[in-house]
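Chemist: After the structure tokens below, expect a handful of questions from me.
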Amino acid sequence: MTFKPIKNICCIGAGYVGGPTMAVIAQKCPDIKVNVVDVNAQRIASWNDENLDNLPIYEPGLKEVISETRGKNLFFSTEIEKAIEEAEMIFISVNTPTKTYGKGKGMAADLKYVELCARKIAEVAKSDKIIVEKSTLPVRTAQAIKSILDNVGTGVKYHILSNPEFLAEGTAINDLHNSDRVLIGGDHTTPEGQAAMDALTHIYERWLPSERILQTNLWSSELSKLTANAFLAQRVSSINSISALCEATGANVEEVAQAIGSDSRIGDKFLKASVGFGGSCFQKDILNLVYICRSLNLKEVADYWEQVIIMNDYQKYRFADNIISTLYNTVTDKKITFFGWAFKKDTNDTRESAAIYVADYLLEDRANIFVYDPKVKTEQIYMDIDNMNTRSEQENRNSLFVINDPYKASKDAHAIAILTEWDEFKTYDWQIIYDQMKKPAFIFDGRNIIDSKKLADIGFKVYQIGKTV
Ligand code: UDX
Ligand code: ADP
């Protein structure tokens, strides 16, 4: 059975994954109509905003792709049913956060949004569809989606594919244009299953060499995504664990990283010690892996991966604790300025950002925190700290302030903490900043991005991760 080329795609979920991925598919396949739909009308309105600076997500290069495609073959709307009906291929790109209630609370992926999508598709589809899982999902979710779809008795046939997203935020457009690999999981064993896989392969072949498009069985594809993120996060936790040892011994974590990274078997990527990893994927995927292993009675495997999270929590706590102990064991009523709130540079995403945890810890010691981030909105910062549920919303507003100018944010501060590696931090006039701070002026560089010697020469007391400055 040969596949039929796809002419109409629907993507449910207009977030960090769905938005950029569909924009690039639309750009590379001008003959395919791509409808991106979402229940969040405000988000859709932002995607449709005339002013491309108001897109709901900040991602370098995204504006350009959107301006090339939007209104031509890329459309954003809330008309979910219509888009489902029209499409031959439906991508599910909704969020799958860690469950916050009931069975698997704090560990398992919450699949309620995915399930709602499957039910919506089952309700409205009148013709056969290829369903593509794009959201990060636990192994064997495809089975659950299939079972929902196959049991509605409308006679419509569904082929489920897993096509995990490997883009990293901040570099999403480049990652999509030049993917190392694309995984397409499906059912090789039936001609229809193979045809569905080929139809999706054909889309990616429009801009990627065929050898980078790997077809696997469904379970391998789903598990590969969790495993890739677990391995990457593990490297960060490994180097962060060594950073603590470096600080205690006088070794320099950057020298160690360079030394081990030049062993081609180890490689030099993801060895940057930091205040701790964040983002929507690493923690969630590892917790999910741990939960699946526990459910399958693989206790040792679960414990092994859980340690990656434990180390990451320790790193965030260690950073915050060092601020308190260095500031003479108390930050009560002291002004601490945060440079950066996003979980990494070049994104406005703050999910699981180390900054949230460090702020929460310092607020418990009654610090006054002044946050400056070049891209994150004020409402988002308050939402993040409120979601910690540590104190009342009013208390958060009484002691955490968002300032849109780094020089104002650091005036009269006792200390600056760098939480995100935004490039602009390197270009500031640090002499001006120093002059207007309280003395001794401390700087805690959670990303090792500043020139520590230059700042120490100005007079700053500098602390970096895994180094004794
Ligand atoms: C990750 C995966 O890289 C991507 O393939 C997957 O699709 C989604 O999850 P993302 O979370 O967007 O992408 O960003 P990533 O660049 O992986 O960084 C994750 C976190 O680790 C960030 O907080 C980053 O600052 C931190 N990190 C990364 C380090 O602290 N040190 C490093 O060396 C690398
Ligand atoms: P990701 O990083 O995985 O893309 P986001 O939270 O940025 O996650 O985006 C997921 C999007 O999916 C959100 O905009 C949310 O409104 C949308 N969404 C969630 N459930 C549904 C649903 N049942 N139908 C349509 N859109 C949904």
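Chemist: So, in the range 204-243, how many residues would count as being within 13 Å of ALA142 (Cβ to Cβ) and open to solvent by 60 Å² or more (accessible area, probe 1.4 Å)? Full working, then the answer.
Modeler: Pass one, the range 204-243, residues within 13 Å of ALA142 (Cβ to Cβ): 216-223, 225.
Within this subset, residues satisfying the condition of being open to solvent by 60 Å² or more (accessible area, probe 1.4 Å) are 217, 219, 223.
Result for the range 204-243: 3.
Chemist: Can you pull out the residues in the range 27-84 that are within 15 Å of ligand 2 (Cβ to nearest atom), in a helix (DSSP H, G or I) and of a type outside the set (Val, Ile, Thr)?
Modeler: If the condition is that a residue be within 15 Å of ligand 2 (Cβ to nearest atom), in a helix (DSSP H, G or I) and of a type outside the set (Val, Ile, Thr), then ALA41, GLN42, ARG43, ALA45, SER46, TRP47, LEU62, GLU81, LYS82, ALA83 are the ones that fit.
Chemist: Moving on to the next point. Of all residues in the range 245-260, count the ones that are surrounded by fewer than 18 Cβ atoms within 10 Å (Cβ to Cβ) and either within 13 Å of ligand 1 (Cβ to nearest atom) or within 25 Å of VAL301 (Cα to Cα) (or both).
Modeler: Residues meeting the conditions: 2.
Chemist: Of the conditions (1) touching a residue at least 24 places away in the same chain (Cβ under 8 Å); (2) farther than 30 Å from ILE449 by Cβ; (3) surrounded by 14 or more Cβ atoms within 10 Å (Cβ to Cβ); (4) of a type outside the set (Gly, Ala, Ser), THR201 satisfies every one except a single condition; which number is it?
Modeler: (1)
Chemist: Can you confirm whether the range 266-276 contains a residue that is away from ligand 2 (no atom under 16 Å from the Cβ), more than 28 Å from THR347 (Cβ to Cβ) and at pLDDT 95 or above?
Modeler: So in the range 266-276, the residues away from ligand 2 (no atom under 16 Å from the Cβ) come out as 266-276.
Imposing the further condition that a residue be more than 28 Å from THR347 (Cβ to Cβ) reduces the set to none.
Checked the range 266-276: no residue is away from ligand 2 (no atom under 16 Å from the Cβ), more than 28 Å from THR347 (Cβ to Cβ) and at pLDDT 95 or above.
Chemist: Going through the range 111-134 one residue at a time, which ones are open to solvent by 10 Å² or more (accessible area, probe 1.4 Å), outside any helix (DSSP H, G or I) and of a type outside the set (Lys, Arg)?
Modeler: Selection gives LEU111, SER127, ASP128, ILE130.
Chemist: Kindly evaluate PRO97 against the criterion of being of a type outside the set (S, T, N, Q), surrounded by fewer than 19 Cβ atoms within 10 Å (Cβ to Cβ) and under 18 Å from the mean Cα position of the chain (by Cα). Step through it out loud before you land on a result.
Modeler: Values: of a type outside the set (S, T, N, Q): yes; surrounded by fewer than 19 Cβ atoms within 10 Å (Cβ to Cβ): yes; under 18 Å from the mean Cα position of the chain (by Cα): yes.
The answer is yes for PRO97.
Chemist: Taking the range 379-392 as the search range and keeping residues that are surrounded by 12 or more Cβ atoms within 10 Å (Cβ to Cβ) and among the acidic types (Asp, Glu), which one is farthest from ALA354 (Cα to Cα)?
Modeler: Looking at the filtered set, the residue picked out is ASP386.
Chemist: Output yes when any residue across the range 295-309 is within 25 Å of TYR357 (Cβ to Cβ), of a type outside the set (Val, Ile, Thr), buried (at least 18 other Cβ atoms within 10 Å of the Cβ) and within 16 Å of ligand 1 (Cβ to nearest atom), and no when none is.
Modeler: Residues of the range 295-309 that are within 25 Å of TYR357 (Cβ to Cβ), as a first pass: 302-309.
Of the ones still in play, those that are also of a type outside the set (Val, Ile, Thr) are 302-307.
Subsequent filtering for residues that are buried (at least 18 other Cβ atoms within 10 Å of the Cβ) retains 302, 305-306.
Retained after the next criterion (residues that are within 16 Å of ligand 1 (Cβ to nearest atom)): 305.
Checked against the condition, which is being within 25 Å of TYR357 (Cβ to Cβ), of a type outside the set (Val, Ile, Thr), buried (at least 18 other Cβ atoms within 10 Å of the Cβ) and within 16 Å of ligand 1 (Cβ to nearest atom), the range 295-309 yields at least one hit.
Chemist: Kindly evaluate TRP207 against the criterion of being touching a residue at least 12 places away in the same chain (Cβ under 8 Å) and under 23 Å from THR96 (Cβ atoms). Steps first, please.
Modeler: On the way: touching a residue at least 12 places away in the same chain (Cβ under 8 Å): yes; under 23 Å from THR96 (Cβ atoms): no.
No, not satisfied.
Chemist: How many residues does the range 443-453 contain that are farther than 22 Å from PHE270 by Cα and open to solvent by less than 10 Å² (accessible area, probe 1.4 Å)?
Modeler: So the answer is 1.
Chemist: Could you look through the range 115-156, keep only residues that are within 24 Å of GLU59 (Cβ to Cβ) and within 12 Å of ligand 2 (Cβ to nearest atom), and pick out the one that is farthest from the chain's Cα centre (by Cα)?
Modeler: Restricting attention to the range 115-156, the residues satisfying the condition of being within 24 Å of GLU59 (Cβ to Cβ) are 117, 132-137.
Those left that are additionally within 12 Å of ligand 2 (Cβ to nearest atom): 117, 133-137.
Numbers: CYS117: 22, GLU133: 17, LYS134: 14, SER135: 12, THR136: 11, LEU137: 14 Å.
Among residues in the range 115-156 that are within 24 Å of GLU59 (Cβ to Cβ) and within 12 Å of ligand 2 (Cβ to nearest atom), the one farthest from the chain's Cα centre (by Cα) is CYS117.
Chemist: In the list LYS272, LYS334, LYS316, which residue meets the criterion of being open to solvent by less than 50 Å² (accessible area, probe 1.4 Å) and either among the β-branched types (Val, Ile, Thr) or touching a residue at least 60 places away in the same chain (Cβ under 8 Å) (or both)?
Modeler: Values: LYS272 fails: open to solvent by less than 50 Å² (accessible area, probe 1.4 Å); LYS316 fails: either among the β-branched types (Val, Ile, Thr) or touching a residue at least 60 places away in the same chain (Cβ under 8 Å) (or both).
From the options LYS272, LYS334, LYS316, the qualifying one is LYS334.
Chemist: Report whether or not ILE90 is surrounded by 15 or more Cβ atoms within 10 Å (Cβ to Cβ) and either in a helix (DSSP H, G or I) or within 18 Å of the chain's Cα centre (by Cα) (or both). Show your work before the answer.
Modeler: Values: surrounded by 15 or more Cβ atoms within 10 Å (Cβ to Cβ): yes; either in a helix (DSSP H, G or I) or within 18 Å of the chain's Cα centre (by Cα) (or both): no.
Here the answer is no, as ILE90 does not meet what is asked.
Chemist: While we're on this one: Take the residues in the range 268-310 that are assigned to a helix (DSSP H, G or I) and of a type in the set (Lys, Arg), then tell me which one is nearest to THR96 (Cα to Cα).
Modeler: From the range 268-310, those assigned to a helix (DSSP H, G or I) are 282-295, 299-310; that's our starting set.
Filter again for of a type in the set (Lys, Arg), leaving 284, 294, 299.
Numbers: LYS284: 9, ARG294: 20, LYS299: 24 Å.
In this case the residue turns out to be LYS284.
Chemist: Restricted to the range 48-65, and to residues that are in contact with a Pro (Cβ under 8 Å, 6 or more places away or on another chain) and under 24 Å from TRP341 (Cβ atoms), which residue is surrounded by the most Cβ atoms within 10 Å (Cβ to Cβ)? Talk me through it step by step, then tell me what you get.
Modeler: Going through the range 48-65, the residues in contact with a Pro (Cβ under 8 Å, 6 or more places away or on another chain) turn out to be 57, 59, 62, 65.
Retained after the next criterion (residues that are under 24 Å from TRP341 (Cβ atoms)): 57, 59, 62.
On the way: ILE57: 20, GLU59: 24, LEU62: 18.
Filtering the range 48-65 for residues that are in contact with a Pro (Cβ under 8 Å, 6 or more places away or on another chain) and under 24 Å from TRP341 (Cβ atoms), the one surrounded by the most Cβ atoms within 10 Å (Cβ to Cβ) comes out as GLU59.
Chemist: All but one of (1) within 16 Å of ligand 1 (Cβ to nearest atom); (2) of a type in the set (S, T, N, Q); (3) closer than 23 Å to PHE460 by Cβ hold for ASN322; which doesn't?
Modeler: Every listed condition holds for ASN322 apart from (1).
Chemist: Another question about this same structure. Checking ARG391 against (1) of a type outside the set (Asp, Glu); (2) farther than 21 Å from SER280 by Cα; (3) within 13 Å of ligand 1 (Cβ to nearest atom), only one condition comes out false. Which one?
Modeler: (3)
Chemist: Yes or no: HIS177 over 15 Å from VAL17 (Cα atoms), more than 16 Å from ligand 2 (Cβ to nearest atom) and either open to solvent by less than 20 Å² (accessible area, probe 1.4 Å) or not small (Gly, Ala, Ser) (or both)? Can you show your working first?
Modeler: On the way: over 15 Å from VAL17 (Cα atoms): no; more than 16 Å from ligand 2 (Cβ to nearest atom): yes; either open to solvent by less than 20 Å² (accessible area, probe 1.4 Å) or not small (Gly, Ala, Ser) (or both): yes.
No.
Chemist: From the list ALA41, ALA23, ALA45, exactly one residue is among the hydrophobic types (A, V, I, L, M, F, W, C) and either open to solvent by less than 30 Å² (accessible area, probe 1.4 Å) or within 16 Å of ligand 1 (Cβ to nearest atom) (or both). Which is it? Talk me through it step by step, then tell me what you get.
Modeler: Working: ALA41 fails: either open to solvent by less than 30 Å² (accessible area, probe 1.4 Å) or within 16 Å of ligand 1 (Cβ to nearest atom) (or both); ALA45 fails: either open to solvent by less than 30 Å² (accessible area, probe 1.4 Å) or within 16 Å of ligand 1 (Cβ to nearest atom) (or both).
Being among the hydrophobic types (A, V, I, L, M, F, W, C) and either open to solvent by less than 30 Å² (accessible area, probe 1.4 Å) or within 16 Å of ligand 1 (Cβ to nearest atom) (or both) holds for just one of ALA41, ALA23, ALA45, which is ALA23.
Chemist: Does at least one position in the range 151-158 carry a residue that is of a type in the set (Ser, Thr, Tyr), buried (at least 17 other Cβ atoms within 10 Å of the Cβ) and more than 20 Å from GLY193 (Cα to Cα)? Spell out the reasoning first.
Modeler: Narrowing the range 151-158 to residues of a type in the set (Ser, Thr, Tyr): 154, 158.
Narrowing further to those that are buried (at least 17 other Cβ atoms within 10 Å of the Cβ): 158.
Those still in the list that are more than 20 Å from GLY193 (Cα to Cα) too: none.
No, because not a single residue in the range 151-158 is of a type in the set (Ser, Thr, Tyr), buried (at least 17 other Cβ atoms within 10 Å of the Cβ) and more than 20 Å from GLY193 (Cα to Cα).
The values are calculated or read from the model by the stated rules, or taken from the named source; none is laboratory data. Keep in mind the model is a prediction, meaning the values are calculated, not measured. Positions of Cβ are backbone-derived with ideal geometry, glycine not excepted, and every protein chain shown enters the neighbour counts. Note: accessible area is taken over every heavy atom of the protein model, side chains too, but ligands, DNA and RNA are not part of it. Shrake-Rupley method; radii C 1.70, N 1.55, O 1.52, S 1.80 Å.
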